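As structure tokens, the structure follows; a few thoughts come after it.
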């Protein structure tokens, strides 16, 4: 790759904006990620600029040029702009006054001081590959800290001393792992050493900011690399302790596999099974990837040494689901994402045993129903979980899962597996049995759902017969309803399905 910035990829609006600032007597430079991406033949969706103009002066120059602006970052010297182009595409632009800031070691927020030098501004940035600028409109590359050289070497290094950089903003340690995941870069030894020595500083960073960096890391092109860095640096002990805990003590008799390395391999294999943009699981898919990483976190808690030297991890799927949900809540993930990931962890062992014993149609229906909208991800997680070096065993498991997916497809043609319901709804149940809304209706509904699972669609006539047979075996319920007609009259309709 030619490591010079491909300025032909710059939007004409960038040069137009640079000329506006030059005409007004101010400096303006494209800076950071957008410049790095020009070297990597990529186009950044957002554009970051730095200038010697103050926020008020930035507004005076650019407000009439842009369609709208926002000032939420004004206290930090940043003004944002929105520019609609002739082709109706929208550019999002942030322009920040040169900074020369210091951080309070005990605070999450910087003490902001505006600077007057582009070189000084670049020194306060996180990594040398992000500390390059293009002066506008002349397109002069400013690279005082060797960013282009580090890009060519696929190396992450800080412009200032790594200890000073991470002390100023401890989240940069998470960013180091994230950029390694996204770009496939290695860390300069000084960077890794500083991370090991300063990992505890991450405790002053909010859970939300840590979560956002973790998501970007997991969704990177090389997530295994990023996770390894978190563990090696000690950051994972503080932000994701369940993962280093997978490094169970050395087992000289090799009675079980390395759970940590197995989990990283499952993560890699899950990434390979993601689909394109029109597939069932378009990548990068955080839910699938994070479930793959976390699927065995219940093993340390459930490990038992059995007579004869065997090692067991009974119910590690259930334990892991609870640990996963707890960690994601701590990191302030939303409820839907938390439930999806923990549910996949809970279900990841469900398939095992299918190849030996085979499943009835009802068991296949339960598998589909329990997975619900996560079925496509569960397929991929289960396949990814096969890391055995025993080729015959791997082929046997793959064949068994092929067979299960084929059976799911056949049953899906016969019935709507994704929306399995009894053949009679609550209203039909009450009409047939002559009862009012209440808990009994819910129990009847659950019985019909069970029959639906076991036998497939019954049709109305057989469902009614099955319901009447069940009702005949409920003398206590019949007696209770007969003895309390008044209670039935006042029952609320909201209890139609009741609780079993």
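The values are calculated or read from the model by the stated rules, or taken from the named source; none is laboratory data. The model shown is predicted, which means the values in this text are computed figures rather than measured ones. For neighbour counting, all protein chains shown are included, and Cβ atoms are generated from backbone atoms with ideal geometry for every residue, glycine included.
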Pairs, first in the same structural domain as residue 451 (by TED's automatic domain parsing) in the stretch 469-493, second at pLDDT below 50 and surrounded by 11 or more Cβ atoms within 10 Å (Cβ to Cβ), C-beta under 8 Å, six or more apart = 481/488
Return yes when residue 431 is in a helix (DSSP H, G or I), modelled with pLDDT of 85 or more and touching a strand residue (DSSP E or B) at 6+ places or on another chain (Cβ under 9 Å) and no when it is not.
-> no
All but one of (1) under 28 Å from the mean Cα position of the chain (by Cα); (2) modelled with pLDDT under 95 hold for residue 155; which doesn't?
-> (2)
Please verify whether the stretch 1-21 includes one or more residues that are assigned by TED's automatic domain parsing to the domain that holds residue 146, under 27 Å from residue 149 (Cα atoms), part of a strand (DSSP E or B) and touching a residue at least 60 places away in the same chain (Cβ under 8 Å).
-> no
Residue 388 is checked against (1) assigned to a helix (DSSP H, G or I); (2) under 37 Å from the mean Cα position of the chain (by Cα) and fails just one. What number does that condition carry?
-> (1)
Scanning the stretch 406-419 for residues that are surrounded by 13 or more Cβ atoms within 10 Å (Cβ to Cβ) and modelled with pLDDT of 85 or more, which turns out nearest to residue 380 (Cα to Cα)?
-> 408
Of the numbered conditions (1) closer than 19 Å to residue 224 by Cβ; (2) modelled with pLDDT of 95 or more, residue 184 fails exactly one; give the number of that condition.
-> (2)
How about the stretch 315-332: which of its residues are in contact (Cβ under 8 Å) with a residue 12 or more places away in the chain and more than 21 Å from residue 371 (Cα to Cα)?
-> 327, 330, 331, 332
Please indicate, with yes or no, whether at least one residue in the stretch 369-377 is in a helix (DSSP H, G or I), touching a strand residue (DSSP E or B) at 6+ places or on another chain (Cβ under 9 Å), assigned by TED's automatic domain parsing to the domain that holds residue 279 and under 22 Å from residue 270 (Cα atoms).
-> yes
How do the pairs read when you match residues in the stretch 176-190 that are part of a helix (DSSP H, G or I) with residues anywhere that are modelled with pLDDT under 95, using Cβ under 6 Å and keeping only pairs 6 or more apart or on different chains?
-> none
Go through the stretch 296-318 and give me each residue that's assigned to a helix (DSSP H, G or I) and under 23 Å from residue 397 (Cβ atoms).
-> 299, 302, 316, 317, 318
So which of 284, 277 ends up being at pLDDT 95 or above and assigned to a loop (DSSP other than H, G, I, E, B)?
-> 284
Residues of the stretch 232-244 being surrounded by 19 or more Cβ atoms within 10 Å (Cβ to Cβ) and either in the same structural domain as residue 325 (by TED's automatic domain parsing) or within 21 Å of residue 332 (Cα to Cα) (or both), in sequence order, are 235, 236, 239, 240, 242, 243
